[in-house]
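The structure appears below as structure tokens.
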Amino acid sequence: MILTRENLINLILAAALLAIPLIANAAGQPFYITLATRVAILALAATGLNLALGVGGLVSFGHAAFFGIGGYVAGILASHSFSGEPVLFGLSGTNQMWIIWLVAMALAGVVGLAIGAISLRTSGVYFIMITLAFAQMVYYFAVSWPAYGGEDGLSILVRNQFPGVMTMVPMNFFLICYVILLVGIALFAVIRASRFGAALQAARQNEVRVATVGIQPYRIRLTGFVLSAMITGLAGALFADLNRFVSPSMLSWHMSGELIVLIILGGTGRLFGPLAGAALYVAFEYALGGITERWQFFLGLILLLVVLFARGGLVGLLAGKAKHG
Amino acid sequence: MVEPILQISNLVKNFGALRATDGVTLDLRPGEIHALIGPNGAGKSTLIHQICGTLRQDSGSIRFAGQDVGGLSVAERARLGLGRTFQVSSIAPEFSALRNVMLAAQAKEGSSFRFFKPVMRDQGLIDKAMAMLERVGLTERARIPAAELSHGERRQLEIAMALALQSKAFLLDEPMAGMGPEGSKALTRFLDTLRQEAPILLVEHDMDAVFALADRISVLVYGRVIATGTVDEIRRDPTVRSAYLGDHG
Amino acid sequence: MTIALALEQLLNGIQLGVMLFLMAAGLTLIFGVMGLINLAHGSLYMVGAFACAAVAAWTGSFWIGLVASLVAAAAAGAIVELAVIRRLYDRDHLDQVLATFALILMFSEGTRWLFGSFPLYLDIPPLLQGAVALPGGTEYPVYRLAIIAAGALVAFGLYMLISRTRLGMRIRAGESDREMIGALGVDIRTLYTVVFALGAALAGFAGAMVGAIQSVQVGMGEPVLILAFVVIVIGGIGSIKGALLGALLVGVTDTMGRFLLPKLMVLFVPPAQAGAIGGAVASMLIYIVMAIILAVKPRGLFPPAHA
């Protein structure tokens with residue numbers, strides 16, 4: 001791997017994300033471990049979106065749907081495992097994380113296929129609004145379905161299990177999330193560099209040209225959208241386990257907006273953009289939140305300034321323009 | 001007679017009350033350069049759009065490479081071998097010239113759903129693309145982002161992409177547009193050799209290029225083909241002279 | 001289920017539709033003329049409601065409050081346009097979405113800062129209190145009928161504005177070819193500010209009127225904004241006609257759906273669950289309708305003529 005400026009920054013970001021909880025652990029400050037875990041999970045969710053938005057140019061304002069679906073899968077399977085009742089068609093619940101992750105990704109993928117199949121027939125503003133509307137649909141469905149908490153959300157009484165690991169220990173759970181994040185980022189990099197990634201990027205740049213060489217832009221985009229949904233869904237399952245709570249707000253359009261914000265803050269399309277963005281966002285939330293209850297006002301202001309004046313995000317600011325080869 | 005590679009029969013396209021394509025019949029034979037000329041507003045672009053698939057015809061048929069392609073999408077027709085260049089060059093601006101052609105090469109192989117091998121380490125694909133760039137004379141500019149290429153270089157890039165597709169026919173939409181005299185001459189020479197690769201349907205305004213290259217010319221006026229013939233026949237045809245060529249013939 | 005009850009719900013649906021129209025008309029105008037997607041529209045709705053409630057409480061008059069809401073919303077719109085929106089016309093939709101999303105955060109927190117977290121109350125003016133008898137026996141609030149009337153008047157006024165005045169002409173020209181009208185010497189910048197302020201005023205007016213029947217609180221504009229988006233997607237972005245049709249469709253479908261579906265569900269599921277399932281489906285109904293319409297007409301019922 002060539003040590004470009006961007007790669008160096010990426011390494012520093014990855015190292016910092018690991019270092020902070022290690023230091024916090026040694027200092028007996030588990031709160032910061034939780035904070036770092038939150039950063040890792042949000043970074044994963046945003047990495048998923050980055051595949052659709054940063055690489056594919058698909059401005060999905062409904063990715064919260066996948067995030068929430070992942071969360072609810074974790075919550076529902078865990079609660080059924082606890083109560084012993086079967087979930088569907090005689091299948092029982094589970095509290096094994098890796099099974100939950102697979103189910104979360106599968107379900108997010110299926111819903112992503114359904115939403116994407118319809119939404120990708122539109123483009124531009126229509127696409128933005130229709131993805132927003134579909135996510136709202138999922139939100140209202142979850143809130144109205146009484147069996148799983150409705151508006152109040154769903155608790156996960158005991159954090160789910162992972163073979164060989166005591167997941168209740170904050171540091172352990174952080175490490176699980178950290179490793180998954182790195183795998184997610186690696187997957188993103190591999191997909192982006194592949195033939196599929198080339199087609200997806202080309203479809204963003206010039207969809208007519210892609211069709212003219214014989215590639216159907218719709219199929220490429222739909223595939224990208226589904227992959228993106230699956231990654232974000234996985235993050236949702238982890239988020240539910242982190243908080244031991246599934247909140248319907250995971251499905252809200254504010255969440256969708258937040259995911260986009262994470263990407264913009266860090267740098268759209270950049271490999272470590274989502275991580276940089278998530279770190280900045282959580283830092284703002286924490287630091288500004290400590291100073292004033294009105295921190296969201298300043299978050300809005302900072303976001304506005306970034307959009308107007310610092311379009312490449314943090315990674316763009318530090319590493320300069322992206323090279324495309 | 002050899003079957004034409006492209007056969008358009010009685011094509012009709014209306015935009016409300018406007019009959020943009022009024023029963024056009026024309027064909028493209030192997031080995032030929034067939035030029036399509038006509039005054040502005042004659043409906044040349046509309047016709048090209050229907051052949052390529054960006055517009056759906058109202059009636060009539062389009063047969064390409066032995067198949068009825070009237071219902072196929074742009075991408076499907078491209079995969080059958082219809083290579084096209086645009087009046088305003090359509091390229092992937094952020095990608096280098098090389099990556100643009102690699103995209104076409106990858107499309108030809110039908111392998112866009114490979115997720116794991118990095119495309120920039122795929123020597124086979126890179127070599128194929130470089131070979132095409134060499135044919136059009138863009139080797140030196142291979143790694144330059146396409147957005148930074150000059151107007152003429154973008155033309156060459158589009159042709160390189162069409163070559164990479166091993167097109168069975170080329171549809172060139174005003175390739176000479178915006179080219180200076182040097183560029184036009186070079187491109188004319190190039191197109192002359194290109195005809196051996198695959199026949200060309202050439203939409204053009206530049207009469208020098210048309211008369212130098214065309215085996216046959218069709219003249220489109222108000223959506224109808226008013227004459228088809230060799231260069232001499234068209235030059236001498238009185239209807240064509242009055243409708244279009246004026247004193248240029 | 002009686003006819004009277006159904007009629008009452010239908011009127012509610014029309015009232016919702018009319019409110020949605022006010023929001024959607026502004027949104028679709030702004031998009032049609034300036035090509036800008038504006039998420040902060042819900043905030044302008046909220047500004048109108050708060051201005052009305054605050055001024056009404058201060059002066060004791062709803063009507064002065066209503067005027068204040070128009071002024072405040074239009075002013076807020078103009079300021080936002082001059083300070084922020086101007087810079088976004090040339091940007092892509094993603095940047096517009098983010099910037100206006102940022103504005104939502106600022107407006108919401110800013111309002112909370114000024115007014116606190118508790119809702120404000122706005123009373124229905126004495127003139128419009130009370131109810132009228134409907135055919136079938138029930139009574140229907142005068143105020144809601146007034147909202148429907150006000151909305152219809154605004155729709156008519158907008159129609160007159162767009163088709164009969166010079167401003168309307170410029171708006172229509174701007175919708176078909178943005179660059180051209182600049183070249184023709186129309187002062188684009190002022191036109192855009194005026195259009196934005198007009199849209200904002202419509203939103204503020206809607207917010208003020210609704211404020212008397214629902215509470216005036218931070219975030220009140222957001223559910224309405226989303227519905228307004230559904231309306232303009234269904235109606236066709238840039239089309240006021242589409243906004244009206246879409247708004248009535250959405251308003252009536254949503255209201256009647258919530259009313260009828262739980263009852264219909266009894267035919268399929270045990271009564272204990274019919275309410276919940278019916279309610280769940282009812283809340284998704286609008287989006288299902290939208291998806292069906294978009295599947296058939298991907299650019300809405302009245303798409304813009306040009307690309």
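The values are calculated or read from the model by the stated rules, or taken from the named source; none is laboratory data. All figures in this text were calculated on a predicted structure; none of them were measured in a lab. No Cβ is skipped: glycine too gets one built from the backbone with ideal geometry, and neighbour counts run over all protein chains shown.
Of all residues in the stretch A:207-247, how many are in contact with a strand residue (DSSP E or B) (Cβ under 9 Å, 6 or more places away or on another chain) and more than 9 Å from chain B (Cβ to nearest Cβ)? Total meeting the criteria: 7. Residue C:86 meets each of the listed conditions (1) within 14 Å of chain A (Cβ to nearest Cβ); (2) in contact (Cβ under 8 Å) with a residue 24 or more places away in the chain; (3) not in a helix (DSSP H, G or I) apart from (3). Restricting A:91, A:58 to residues that are within 14 Å of another protein chain (Cβ to nearest Cβ), among the hydrophobic types (A, V, I, L, M, F, W, C) and more than 17 Å from residue A:249 (Cα to Cα) narrows the list to A:58.
I need a count of the residues in the stretch B:60-96 that are closer than 30 Å to residue B:147 by Cα and not in a strand (DSSP E or B). The qualifying residues number 19.
The residue that is nearest to residue A:184 (Cα to Cα), among those in the stretch A:71-93 that are touching a residue at least 60 places away in the same chain (Cβ under 8 Å) and hydroxyl-bearing (Ser, Thr, Tyr), is A:72. Pull up the stretch A:132-164, narrow it to residues that are out of contact with any Phe, Trp or Tyr (no Cβ under 8 Å at 6 or more places or on another chain) and of a type in the set (Gly, Ala, Ser), then point me to the one that is nearest to the other protein chains (Cβ to nearest Cβ). Per the stated criteria, the residue is A:144. Exactly one residue out of C:285, C:264, C:294, C:248 is under 26 Å from residue C:31 (Cβ atoms), surrounded by fewer than 23 Cβ atoms within 10 Å (Cβ to Cβ) and more than 11 Å from every other protein chain (Cβ to nearest Cβ), and it is C:248. Taken over the stretch B:212-234, the criterion of being touching a residue at least 24 places away in the same chain (Cβ under 8 Å) and either more than 17 Å from residue B:45 (Cα to Cα) or not assigned by TED's automatic domain parsing to the domain that holds residue B:184 (or both) is satisfied by B:212, B:213, B:214, B:215, B:216, B:228. Just one residue in the set A:14, A:24 is surrounded by 13 or more Cβ atoms within 10 Å (Cβ to Cβ) and more than 23 Å from the chain's Cα centre (by Cα); that residue is A:24.
Scanning the stretch A:184-206 for residues being free of Cβ contacts under 8 Å to residues at least 40 places away in the same chain and more than 9 Å from chain B (Cβ to nearest Cβ) gives a total of 1. The residue of the stretch B:100-125 that is farthest from the chain's Cα centre (by Cα), among those that are more than 12 Å from residue B:164 (Cβ to Cβ) and not in a loop (DSSP other than H, G, I, E, B), is B:121. Within the stretch A:170-183, not a single residue is within 14 Å of another protein chain (Cβ to nearest Cβ) and aromatic (Phe, Trp, Tyr). If the condition is being out of contact with any Pro (no Cβ under 7 Å at 6 or more places or on another chain), at pLDDT 85 or above, in a helix (DSSP H, G or I) and of a type in the set (Gly, Ala, Ser), then the stretch A:108-153 contributes A:108, A:109, A:112, A:114, A:116, A:117, A:119, A:124, A:133, A:135.
Restricting the stretch A:230-282 to residues that are out of contact with any Asp or Glu (no Cβ under 8 Å at 6 or more places or on another chain) and of a type in the set (Ser, Thr, Tyr), the residue that is surrounded by the fewest Cβ atoms within 10 Å (Cβ to Cβ) is A:249. Screening the stretch A:164-217 for helices (runs of 4 or more DSSP H) wholly inside it with 3 or more residues that are farther than 21 Å from residue A:271 by Cβ returns the ranges A:170-193, A:207-212. Among the residues of the stretch B:57-71, are any crowded, with 17+ Cβ neighbours inside 10 Å, of a type in the set (S, T, N, Q) and not assigned by TED's automatic domain parsing to the domain that holds residue B:155? Within the stretch B:57-71 (the criterion being crowded, with 17+ Cβ neighbours inside 10 Å, of a type in the set (S, T, N, Q) and not assigned by TED's automatic domain parsing to the domain that holds residue B:155), the answer is yes, since at least one residue qualifies. Listed by first and then second residue, the pairs linking a residue in the stretch A:280-304 that is facing chain C (nearest Cβ under 8 Å) to a residue that is aromatic (Phe, Trp, Tyr) and in a helix (DSSP H, G or I), with Cβ atoms under 6 Å apart and 6 or more places separating them unless they lie on different chains, are A:294/C:113; A:299/A:284.
Look at the stretch B:182-217 and say how many of its residues are of a type in the set (S, T, N, Q) and buried (at least 22 other Cβ atoms within 10 Å of the Cβ). Result for the stretch B:182-217: 0.
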